[in-house]
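Inspection log for the structure reproduced underneath, given as structure tokens.
Laboratory data are not the source of any read-out in this text; all were calculated from the coordinates shown. In this text the structure is predicted, and so the values were computed from the model without any measurement. Here Cβ is always computed from backbone atoms with ideal geometry, including for glycine, and neighbour counts include all displayed protein chains.
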Amino acid sequence: MENTNKFHVPSFEIDSRIAIIQKKLQQNGIDGLLVIQRADLFYFSGSAQNGPLYIPAEGDPLWGVKKYHPRAVSESPLQHIIEIKSIREMPRLIREFYDHYPSVLGYELDVLPVNVFQFLKKLFDTHESADASDLILATRMIKSDWEIEQLKNAADLSKQTFEYAQTVIRTGLSEMGFAGLLETFARRWGHEGMLRDRNFQPGAYPWHILSGPNGGKVGVLEAPASGQGMSAAFPCGASLRKIRPNEPIMIDFGTVLNGFHIDETRMFAIGSMPDDARRACEAAIEIHDHVLQKAKPGMPADELFEMTIWQADALGYADAFLGPPGYKVSFVGHGIGHELVEPPFIAKNRPDRLKPGVVFAIEPKMVFPGKFAAGIESVFQVTPQKVQLLSMTPAKVFYA
């Protein structure tokens, strides 16, 4: 694998995204969209430099860059990139550039802090403010052929990281020490370290490594198992617990390469694994493979979710599936791309359909409190004909 650090989003990709969001703005009576959040900014401009991007319902976008204008110009194919000292300049620039001003302005209200939104609302002083976050996420949900290729590159790096994990895992290494080895390896080949996540509470991190009884610890995360973590201040993910032989070890590792995310989980063991843990791992893989066989374009997300619930029950794991009784999560998968978690959500009562271009992670996991966790997570791609694996890491238990 070669990492040249010469990644650029092509102009045809940006042009297509702008055209799609503009059509959605027009359909919803929104005159313009103000993009602030970093993942959305990168998505629509091809650069993550700092400054507000204004996308009108018709016409070319206008990007006011505070820092750093020369890099924004070199990274983004947008035609109108203006250096500004303050966002307070944008209302005037919009009036001058378009000869009119939006009456209805859309914002990313799912992520903007209230204080920031109140400031922007007063600054732009439009007749009406609208929440455009669903329109943005719906645009991002359908991946282009070019984006699929970028996700495949990230999947290849994830595969290599899991293969590397099999060579360096050893008895006596702490969960966090092991995580550090994996992250160091992945960063050497382009992993950007910071996973992007729209949820402002937990933060996104790549070192979700849970060994033995730490896999059976429920906690703060909206996930089947949180693990021990490093302290009460960060009570999730890897801890300083020493890895031991003949126990199940869950590695849930998030990869981000050139802004594209892959989320995979595989089970490991040094030596062997107790029979009950091995059987649970095999059941999770069976559910995973059943999704691959039965999922199809057009299927509602909640139907796919219920299918995994039914199969877990048929295999005898209803109590442990998606968390212990009383603490189960209501989803078994999520979209993925420019952020670690995106629509669609493979969840209870979610009617989102598996449209061609959708990329999603499926993570059938089981938690046995005080004992261990078992599971698997892979990334799937919806094509016009079928649902197929985008992940390249073998769907198996890794033994060292």
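Which of Thr184, Thr308, Thr265 ends up with the largest GNM mean-square fluctuation for the chain, with Cα atoms connected below 10 Å?
Thr184
Along each principal axis of its Cα atoms, how long is segment 128-211 end to end? Whole angstroms, biggest number first, please.
Ordered largest first, segment 128-211 gives principal extents of 60, 32, 20 Å.
Using only Cα atoms, find the angle between the long axis of helix 275-294 and the longest principal axis of the chain, and express it within 0 to 90 degrees, rounded to the nearest 10.
40 degrees
Relative contact order for the chain: what percent, with Cα pairs under 8 Å and sequence separation of 6 or more?
15 percent.
With a ≥ b ≥ c taken as the square roots of the eigenvalues of the C-alpha gyration tensor of segment 11-140, please select rounded if a/c is under 1.5 and otherwise prolate if a/b is larger than b/c or oblate if it is not?
rounded
State, to one decimal in nm, how far the label point of Trp310 lies from the label point of Asp276, with both points 7 Å from Cα in the Cβ direction.
2.9 nm
Sequence gap at least 6, Cα distance under 8 Å: using those rules, report the relative contact order of segment 234-391 to the nearest whole percent.
27 percent
Suppose a student asked you for the relative contact order of segment 11-140, using Cα pairs under 8 Å spaced at least 6 residues apart; what percent would you report?
Worked out over segment 11-140, it gives 25 percent.
What are the ³J(HN,Hα) couplings of segment 333-339, residue after residue, when phi is run through the Karplus curve with 6.51, -1.76, 1.60 and θ = phi - 60°? Round to Hz, x for glycine and proline.
x, 7, x, 8, x, 6, 10
Of the residues Ala223, Ala232, Ala204, which exhibits the maximal mean-square fluctuation in a Gaussian network model of the chain defined by a 10 Å Cα contact cut-off?
Among Ala223, Ala232, Ala204, the largest mean-square fluctuation in the Gaussian network model of the chain belongs to Ala232.
Determine the dipole magnitude for segment 218-354: charges of +1 sit on the beta-carbon of Lys and Arg, -1 on that of Asp and Glu, nothing else is charged, the reference point is the Cα centre, and the result goes in debye to the nearest 20.
In debye, rounded to 20, segment 218-354 gives about 260.
Using a/c under 1.5 as the rounded threshold, could you call segment 142-399 rounded, prolate or oblate? The axes a ≥ b ≥ c are square roots of the C-alpha gyration tensor eigenvalues, and prolate needs a/b larger than b/c, oblate otherwise.
oblate
As an exercise, use a Förster radius of 51 Å and the Cβ-Cβ distance of Lys242 and His80 to find the FRET efficiency, rounded to the nearest 0.05.
0.35
Stokes-Einstein at 20 °C, 1.002 mPa s, Kirkwood radius from Cα pairs: D for segment 249-307 in µm² s⁻¹?
Reported coefficient: 153 µm²/s.
Counting Lys and Arg as +1 and Asp and Glu as -1, each charge on the Cβ, what is the dipole of segment 51-176 about the Cα centre in debye, to the nearest 20?
It comes to approximately 540 debye.
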